[in-house]
Amino acid sequence: MTKSPDQIASKEKSIKRGLDFIYRLAGTSDGFDNYGSLLICCFALVGATSRDASVRQLARSRAQKLAQRWSRLHPLLPPDASPDLVLNFVLVRYALSRLGSRDVALNAEIRTAIKRFSAQDLLGFDPVIEPPANDLSYRCDCGLKNQRGRTFCKQCRRRLQIQSRYSVWMGALAKTHVSERCGIHFGARYLDVFKWLPAVRPYPLGADENVEYLRDAIYAVTHIVYTLNDYGTYRLRPGWLPREFAFLKANVAPACERKDAELLGELLDSLRAFGLRASHPLIMRGTRYLLAEQNEDGSWGDPDEENIRTRCHTTWTAIDGLRSYAWRGQRLSRPEVKSMLKQWAR
Ligand SMILES: [Zn+2]
(Lines give C-alpha, C1' and ligand atoms only; values in the text may rest on other atoms or scores of the structure.)
Protein backbone atom coordinates (compact mmCIF):
# COMPACT_ATOMS: atom_id res chain seq x y z
CA MET A 1 0.00 0.00 0.00
CA THR A 2 1.41 3.43 -0.86
CA LYS A 3 0.79 6.49 1.23
CA SER A 4 -0.87 9.55 -0.22
CA PRO A 5 1.07 12.84 -0.16
CA ASP A 6 -1.48 14.11 2.39
CA GLN A 7 -0.66 11.33 4.85
CA ILE A 8 3.08 11.95 4.52
CA ALA A 9 2.61 15.70 5.00
CA SER A 10 0.45 15.22 8.10
CA LYS A 11 3.03 12.89 9.64
CA GLU A 12 5.83 15.35 9.02
CA LYS A 13 3.78 18.19 10.47
CA SER A 14 2.96 16.11 13.50
CA ILE A 15 6.65 15.28 14.10
CA LYS A 16 7.62 18.94 13.88
CA ARG A 17 4.86 19.99 16.28
CA GLY A 18 6.20 17.38 18.70
CA LEU A 19 9.76 18.69 18.34
CA ASP A 20 8.50 22.25 18.91
CA PHE A 21 6.80 21.15 22.12
CA ILE A 22 9.98 19.55 23.51
CA TYR A 23 12.04 22.57 22.47
CA ARG A 24 9.64 24.90 24.28
CA LEU A 25 10.04 22.87 27.50
CA ALA A 26 13.80 22.75 26.97
CA GLY A 27 13.69 26.56 26.93
CA THR A 28 12.32 26.70 30.49
CA SER A 29 14.80 26.62 33.36
CA ASP A 30 12.89 23.78 35.04
CA GLY A 31 13.13 21.71 31.90
CA PHE A 32 16.69 22.54 31.02
CA ASP A 33 18.30 22.49 34.46
CA ASN A 34 16.83 19.10 35.27
CA TYR A 35 16.76 17.31 31.92
CA GLY A 36 19.09 19.29 29.65
CA SER A 37 21.39 16.36 28.86
CA LEU A 38 18.46 14.12 27.97
CA LEU A 39 16.88 16.76 25.73
CA ILE A 40 20.18 17.41 23.93
CA CYS A 41 20.34 13.68 23.32
CA CYS A 42 16.78 13.66 21.99
CA PHE A 43 17.49 16.35 19.38
CA ALA A 44 20.92 14.94 18.50
CA LEU A 45 19.55 11.45 17.82
CA VAL A 46 16.62 12.75 15.77
CA GLY A 47 19.18 14.88 13.89
CA ALA A 48 21.59 11.99 13.38
CA THR A 49 19.23 9.20 12.31
CA SER A 50 16.18 10.70 10.56
CA ARG A 51 15.62 10.10 6.88
CA ASP A 52 13.78 13.35 6.29
CA ALA A 53 16.34 16.10 5.64
CA SER A 54 14.24 18.95 7.06
CA VAL A 55 13.58 17.06 10.33
CA ARG A 56 17.30 16.25 10.51
CA GLN A 57 18.38 19.87 10.07
CA LEU A 58 15.84 21.26 12.50
CA ALA A 59 16.80 18.75 15.20
CA ARG A 60 20.56 19.19 14.69
CA SER A 61 20.43 22.95 14.99
CA ARG A 62 18.35 22.67 18.17
CA ALA A 63 20.71 20.07 19.65
CA GLN A 64 23.60 22.44 19.03
CA LYS A 65 21.83 25.42 20.57
CA LEU A 66 20.94 23.41 23.67
CA ALA A 67 24.50 22.05 23.88
CA GLN A 68 25.87 25.62 23.88
CA ARG A 69 23.53 26.45 26.71
CA TRP A 70 24.69 23.32 28.55
CA SER A 71 28.37 24.37 28.21
CA ARG A 72 27.54 27.81 29.59
CA LEU A 73 25.79 26.23 32.56
CA HIS A 74 28.53 23.60 33.03
CA PRO A 75 31.81 25.16 31.87
CA LEU A 76 33.80 22.62 33.92
CA LEU A 77 33.30 19.19 35.35
CA PRO A 78 33.48 19.98 39.10
CA PRO A 79 35.96 17.83 41.04
CA ASP A 80 33.20 16.81 43.47
CA ALA A 81 30.63 16.00 40.76
CA SER A 82 28.03 13.40 41.72
CA PRO A 83 27.68 10.15 39.73
CA ASP A 84 24.51 11.59 38.13
CA LEU A 85 26.26 14.76 37.00
CA VAL A 86 29.18 12.80 35.53
CA LEU A 87 26.72 10.57 33.66
CA ASN A 88 24.94 13.69 32.35
CA PHE A 89 28.27 14.92 30.99
CA VAL A 90 28.71 11.53 29.30
CA LEU A 91 25.24 11.76 27.76
CA VAL A 92 25.99 15.18 26.29
CA ARG A 93 29.32 13.89 24.89
CA TYR A 94 27.51 10.95 23.33
CA ALA A 95 24.83 13.23 21.84
CA LEU A 96 27.41 15.55 20.31
CA SER A 97 29.49 12.64 19.01
CA ARG A 98 26.39 11.60 17.04
CA LEU A 99 26.57 15.00 15.34
CA GLY A 100 30.25 14.53 14.55
CA SER A 101 31.68 16.70 17.33
CA ARG A 102 34.34 15.43 19.73
CA ASP A 103 36.15 17.06 22.61
CA VAL A 104 39.20 14.95 23.44
CA ALA A 105 40.21 17.05 26.46
CA LEU A 106 36.76 16.93 28.05
CA ASN A 107 36.46 13.18 27.42
CA ALA A 108 39.76 12.71 29.24
CA GLU A 109 38.47 14.78 32.17
CA ILE A 110 35.33 12.65 32.32
CA ARG A 111 37.42 9.47 32.21
CA THR A 112 39.34 10.66 35.26
CA ALA A 113 36.22 11.80 37.11
CA ILE A 114 34.30 8.58 36.52
CA LYS A 115 37.12 6.49 38.02
CA ARG A 116 36.15 7.83 41.45
CA PHE A 117 32.98 5.75 41.24
CA SER A 118 32.25 2.06 41.36
CA ALA A 119 29.79 0.24 39.09
CA GLN A 120 27.55 0.09 42.15
CA ASP A 121 27.61 3.93 42.42
CA LEU A 122 26.87 4.41 38.72
CA LEU A 123 24.49 1.56 37.95
CA GLY A 124 23.02 0.66 41.33
CA PHE A 125 24.54 -2.85 41.22
CA ASP A 126 27.73 -4.53 40.08
CA PRO A 127 26.99 -6.47 36.89
CA VAL A 128 30.41 -8.10 36.96
CA ILE A 129 29.36 -10.26 39.89
CA GLU A 130 25.57 -10.16 40.19
CA PRO A 131 22.36 -9.99 38.14
CA PRO A 132 20.40 -6.68 37.99
CA ALA A 133 19.36 -5.64 41.50
CA ASN A 134 15.77 -6.09 42.63
CA ASP A 135 16.18 -4.24 45.94
CA LEU A 136 17.03 -0.77 44.69
CA SER A 137 14.62 2.10 45.32
CA TYR A 138 13.89 5.09 43.14
CA ARG A 139 15.19 8.39 44.47
CA CYS A 140 12.93 9.50 47.34
CA ASP A 141 10.68 12.55 46.88
CA CYS A 142 12.85 14.30 49.49
CA GLY A 143 15.80 13.94 47.09
CA LEU A 144 17.76 11.21 48.87
CA LYS A 145 19.01 8.18 46.98
CA ASN A 146 18.78 5.44 49.58
CA GLN A 147 20.96 2.38 49.96
CA ARG A 148 19.92 -0.93 48.49
CA GLY A 149 17.56 -2.99 50.56
CA ARG A 150 15.91 -0.04 52.33
CA THR A 151 12.13 0.14 52.12
CA PHE A 152 11.76 3.42 54.03
CA CYS A 153 13.76 6.60 53.42
CA LYS A 154 16.64 7.13 55.81
CA GLN A 155 16.07 10.89 55.78
CA CYS A 156 12.31 11.42 55.76
CA ARG A 157 10.95 7.93 56.63
CA ARG A 158 8.64 7.87 53.62
CA ARG A 159 7.96 4.46 52.05
CA LEU A 160 10.26 3.96 49.07
CA GLN A 161 9.25 2.72 45.66
CA ILE A 162 11.40 -0.23 44.63
CA GLN A 163 12.67 -0.42 41.04
CA SER A 164 12.04 -3.60 39.13
CA ARG A 165 15.02 -5.62 37.95
CA TYR A 166 14.03 -4.68 34.39
CA SER A 167 14.26 -1.00 35.14
CA VAL A 168 17.68 -1.33 36.79
CA TRP A 169 18.97 -3.44 33.91
CA MET A 170 17.62 -1.03 31.28
CA GLY A 171 19.41 1.90 32.92
CA ALA A 172 22.65 -0.07 33.06
CA LEU A 173 22.44 -1.08 29.39
CA ALA A 174 21.97 2.55 28.35
CA LYS A 175 24.66 4.00 30.64
CA THR A 176 27.36 1.50 29.70
CA HIS A 177 26.48 1.77 26.02
CA VAL A 178 26.73 5.54 25.72
CA SER A 179 29.89 5.67 27.87
CA GLU A 180 31.69 3.09 25.77
CA ARG A 181 30.66 4.80 22.56
CA CYS A 182 32.62 7.82 23.88
CA GLY A 183 35.58 5.68 24.92
CA ILE A 184 34.75 6.21 28.60
CA HIS A 185 35.04 3.06 30.71
CA PHE A 186 34.40 2.36 34.35
CA GLY A 187 34.16 -0.70 36.61
CA ALA A 188 31.64 -2.52 34.42
CA ARG A 189 31.41 -2.96 30.66
CA TYR A 190 28.37 -3.13 28.43
CA LEU A 191 28.97 -6.84 27.96
CA ASP A 192 28.99 -7.37 31.74
CA VAL A 193 25.47 -5.92 31.77
CA PHE A 194 24.27 -7.54 28.56
CA LYS A 195 25.29 -11.03 29.68
CA TRP A 196 22.35 -11.01 32.16
CA LEU A 197 19.79 -11.16 29.35
CA PRO A 198 18.95 -14.83 30.08
CA ALA A 199 18.28 -13.86 33.72
CA VAL A 200 15.48 -11.45 32.75
CA ARG A 201 13.70 -13.97 30.50
CA PRO A 202 10.96 -15.05 30.19
CA TYR A 203 9.15 -11.74 29.78
CA PRO A 204 5.78 -11.23 31.49
CA LEU A 205 2.85 -12.48 29.46
CA GLY A 206 0.18 -9.87 30.10
CA ALA A 207 -0.73 -6.84 32.13
CA ASP A 208 -3.28 -8.68 34.30
CA GLU A 209 -1.16 -8.43 37.42
CA ASN A 210 1.03 -5.40 37.19
CA VAL A 211 1.09 -2.96 34.28
CA GLU A 212 4.17 -1.12 35.58
CA TYR A 213 6.13 -4.36 35.69
CA LEU A 214 5.13 -5.21 32.13
CA ARG A 215 6.06 -1.70 30.96
CA ASP A 216 9.49 -2.03 32.60
CA ALA A 217 10.02 -5.36 30.82
CA ILE A 218 9.10 -3.76 27.47
CA TYR A 219 11.44 -0.82 28.09
CA ALA A 220 14.23 -3.26 28.93
CA VAL A 221 13.67 -5.02 25.60
CA THR A 222 13.49 -1.78 23.59
CA HIS A 223 16.82 -0.86 25.20
CA ILE A 224 18.33 -4.14 24.05
CA VAL A 225 17.35 -2.92 20.58
CA TYR A 226 18.60 0.66 21.10
CA THR A 227 21.96 -0.38 22.45
CA LEU A 228 22.50 -3.08 19.83
CA ASN A 229 21.48 -0.76 16.99
CA ASP A 230 23.14 2.35 18.47
CA TYR A 231 19.87 4.23 18.90
CA GLY A 232 18.23 4.06 15.51
CA THR A 233 21.36 3.60 13.44
CA TYR A 234 21.23 -0.04 12.28
CA ARG A 235 18.61 -2.60 11.45
CA LEU A 236 18.58 -5.80 13.47
CA ARG A 237 17.75 -9.28 12.20
CA PRO A 238 14.73 -10.73 14.06
CA GLY A 239 16.55 -14.09 14.11
CA TRP A 240 19.16 -12.60 16.46
CA LEU A 241 16.50 -11.90 19.11
CA PRO A 242 13.42 -13.98 18.23
CA ARG A 243 11.87 -13.90 21.73
CA GLU A 244 12.33 -10.17 22.06
CA PHE A 245 10.89 -9.57 18.59
CA ALA A 246 7.80 -11.66 19.42
CA PHE A 247 7.39 -9.94 22.80
CA LEU A 248 7.43 -6.47 21.23
CA LYS A 249 4.96 -7.47 18.51
CA ALA A 250 2.57 -8.95 21.08
CA ASN A 251 2.42 -5.66 22.97
CA VAL A 252 1.48 -3.17 20.24
CA ALA A 253 -2.28 -3.74 20.37
CA PRO A 254 -2.44 -3.75 24.21
CA ALA A 255 -0.45 -0.47 24.31
CA CYS A 256 -2.99 1.13 21.94
CA GLU A 257 -5.84 -0.17 24.09
CA ARG A 258 -4.25 1.16 27.27
CA LYS A 259 -3.62 4.51 25.49
CA ASP A 260 0.05 4.28 26.32
CA ALA A 261 1.70 6.57 23.75
CA GLU A 262 5.06 6.53 25.55
CA LEU A 263 5.37 2.77 25.30
CA LEU A 264 3.87 2.60 21.84
CA GLY A 265 6.47 4.98 20.44
CA GLU A 266 9.28 2.72 21.67
CA LEU A 267 7.51 -0.40 20.39
CA LEU A 268 7.13 1.07 16.92
CA ASP A 269 10.70 2.25 16.40
CA SER A 270 12.08 -1.01 17.82
CA LEU A 271 9.89 -3.08 15.50
CA ARG A 272 10.90 -0.92 12.55
CA ALA A 273 14.53 -1.62 13.50
CA PHE A 274 13.64 -5.31 13.19
CA GLY A 275 12.49 -4.59 9.63
CA LEU A 276 8.71 -4.17 9.94
CA ARG A 277 7.63 -1.81 7.21
CA ALA A 278 5.32 1.19 7.45
CA SER A 279 2.69 -0.95 5.68
CA HIS A 280 2.77 -3.73 8.33
CA PRO A 281 -0.61 -3.90 10.13
CA LEU A 282 0.97 -3.37 13.59
CA ILE A 283 2.95 -0.33 12.44
CA MET A 284 -0.14 1.05 10.70
CA ARG A 285 -2.25 0.56 13.78
CA GLY A 286 0.29 2.25 16.07
CA THR A 287 0.89 5.10 13.62
CA ARG A 288 -2.83 5.78 13.27
CA TYR A 289 -3.14 5.84 17.04
CA LEU A 290 -0.28 8.30 17.51
CA LEU A 291 -1.44 10.64 14.75
CA ALA A 292 -4.95 10.69 16.22
CA GLU A 293 -3.86 11.18 19.84
CA GLN A 294 -1.46 14.12 19.56
CA ASN A 295 -2.43 16.93 21.94
CA GLU A 296 -3.23 20.48 20.84
CA ASP A 297 0.13 21.67 22.16
CA GLY A 298 2.02 19.15 19.99
CA SER A 299 2.78 16.75 22.85
CA TRP A 300 1.64 13.19 23.48
CA GLY A 301 0.45 11.67 26.73
CA ASP A 302 -1.49 13.22 29.58
CA PRO A 303 -1.39 17.04 29.13
CA ASP A 304 -2.05 17.43 32.88
CA GLU A 305 0.98 15.35 33.86
CA GLU A 306 3.23 17.52 36.04
CA ASN A 307 6.44 15.57 35.55
CA ILE A 308 8.36 17.43 32.81
CA ARG A 309 10.53 14.41 32.09
CA THR A 310 7.46 12.26 31.41
CA ARG A 311 5.94 14.97 29.20
CA CYS A 312 9.13 15.25 27.15
CA HIS A 313 9.91 11.54 27.05
CA THR A 314 6.40 10.56 25.94
CA THR A 315 6.55 13.13 23.15
CA TRP A 316 10.07 12.04 22.18
CA THR A 317 9.13 8.35 21.91
CA ALA A 318 6.00 9.20 19.89
CA ILE A 319 8.16 11.21 17.46
CA ASP A 320 10.57 8.28 17.22
CA GLY A 321 7.66 5.95 16.58
CA LEU A 322 6.45 8.11 13.70
CA ARG A 323 9.62 9.29 11.96
CA SER A 324 11.50 7.45 9.21
CA TYR A 325 15.08 6.31 9.78
CA ALA A 326 18.14 6.52 7.55
CA TRP A 327 19.27 2.98 8.42
CA ARG A 328 22.93 2.27 7.83
CA GLY A 329 22.49 -1.38 7.02
CA GLN A 330 21.80 -4.44 9.13
CA ARG A 331 24.38 -5.00 11.85
CA LEU A 332 25.01 -5.21 15.57
CA SER A 333 26.73 -2.23 17.16
CA ARG A 334 28.73 -4.93 19.02
CA PRO A 335 29.46 -7.89 16.76
CA GLU A 336 30.84 -9.80 19.77
CA VAL A 337 27.33 -10.39 21.14
CA LYS A 338 26.40 -12.52 18.12
CA SER A 339 27.89 -15.69 19.60
CA MET A 340 26.14 -15.03 22.93
CA LEU A 341 22.81 -14.59 21.16
CA LYS A 342 23.31 -17.82 19.25
CA GLN A 343 24.06 -19.71 22.44
CA TRP A 344 20.96 -18.31 24.20
CA ALA A 345 18.72 -19.12 21.23
CA ARG A 346 19.20 -22.84 21.83
ZN1 LIG B 1 13.03 10.75 51.78
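Structure values in brief
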item: All positions within the stretch 300-316 that are of a type in the set (S, T, Y) and either surrounded by fewer than 17 Cβ atoms within 10 Å (Cβ to Cβ) or out of contact with any Ser or Thr (no Cβ under 9 Å at 6 or more places or on another chain) (or both); result: T310
item: Among (1) within 24 Å of H185 (Cα to Cα); (2) away from the ligand (no atom under 16 Å from the Cβ) - the single one L136 does not satisfy; result: (2)
item: Single residue of R272, R331 found to be in contact with a strand residue (DSSP E or B) (Cβ under 7 Å, 6 or more places away or on another chain) and among the basic types (K, R); result: R272
item: Qualifying position, being at pLDDT 95 or above and over 20 Å from E180 (Cα atoms), among R98, R60; result: R60
item: Some residue of the stretch 193-206 being under 30 Å from R98 (Cα atoms), modelled with pLDDT of 95 or more and buried (at least 22 other Cβ atoms within 10 Å of the Cβ); result: yes
item: Single residue of the stretch 129-148 satisfying the filter (under 13 Å from W169 (Cα atoms) and surrounded by 13 or more Cβ atoms within 10 Å (Cβ to Cβ)) that is farthest from the chain's Cα centre (by Cα); result: D135
item: Which listed residue, of R111, R116, R181, is of a type in the set (D, E, K, R), more than 21 Å from I224 (Cβ to Cβ), surrounded by 14 or more Cβ atoms within 10 Å (Cβ to Cβ) and away from the ligand (no atom under 16 Å from the Cβ); result: R111
item: Residue list for the stretch 278-301, filter: closer than 24 Å to A59 by Cα, of a type outside the set (A, V, I, L, M) and assigned to a loop (DSSP other than H, G, I, E, B); result: E293, Q294, N295, E296, D297, G298, S299, W300, G301
item: Odd one out for P131, checked against (1) within 16 Å of the ligand (Cβ to nearest atom); (2) closer than 21 Å to F117 by Cβ; result: (1)
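The values are calculated or read from the model by the stated rules, or taken from the named source; none is laboratory data. Since this is a predicted model, take the numbers as computed values, not measurements. For neighbour counting, all protein chains shown are included, and Cβ atoms are generated from backbone atoms with ideal geometry for every residue, glycine included.
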